Amino acid sequence: MISERQDQATASSKAMDSSVPFVLMLLMCSSIIVEAQLKVYDLRASNLPTVVLLTTDAYVTVSSGSTSLGKTSVHYNDPNPWWEEEFSYFYAEENDMLTLEVYDVDLLFDDQLGVCQRQLKVGTYQHDCFLTKGGTLHYTYTLG
């Protein structure tokens, strides 16, 4: 009877010993996954150009590396638009390139007002990007 209990205790101890590395591995993987979450938000522009009394009808496209995260709605006749959309990407990594492109909607094709690129770093950052055709894009991103 005592020998049987010792065998059960030894087996139980071995099972716990083999599960500890597995649990540690799961914890390490979960921290890696958390660090890969990207969120781009608080997009707004200021002083967008006006051409012959026509104010810019602007929108922004957002991408991380070669992956498109989407685009904002169009803000018509607004030189200082503020977009409510937020963009998230689960597989972003530190040092990936974040790209935001600002466009003006036109009848035939949309004019690109400027491109903002930034290498991602872990943390939360606010940036101002001066657009080649005038105006500034302001945005915030978090990589955590």
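Structure values in brief
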item	result
Two-site label geometry, Gln112 and Asp78: point separation in nm, points 7 Å out along Cα→Cβ	2.4
Label-point gap, in nm, between Lys121 and Asn95 - each point 7 angstrom along Cα→Cβ	1.5
Virtual spin-label span in nm between Asp42 and Ser68, 7 Å along Cα→Cβ	2.8
Residue-normalised accessible area of region 38-143, given per residue in Å² at a 1.4 Å probe	56
Whole-percent carbon and sulfur share, accessible surface of region 38-143, 1.4 Å	51
Principal axis box of region 36-106, alpha-carbon based, largest edge first, Å	44, 20, 16
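The values are calculated or read from the model by the stated rules, or taken from the named source; none is laboratory data. Owing to the predicted nature of the structure, the values given are computational and were not obtained by experimental measurement. As a convention, Cβ positions derive from the backbone with ideal geometry for all residues, glycine included, and neighbour counts pool all protein chains shown. Accessible surface is based on the protein model in full, side chains and every heavy atom, while ligands, DNA and RNA are left aside. Shrake-Rupley method; radii C 1.70, N 1.55, O 1.52, S 1.80 Å.
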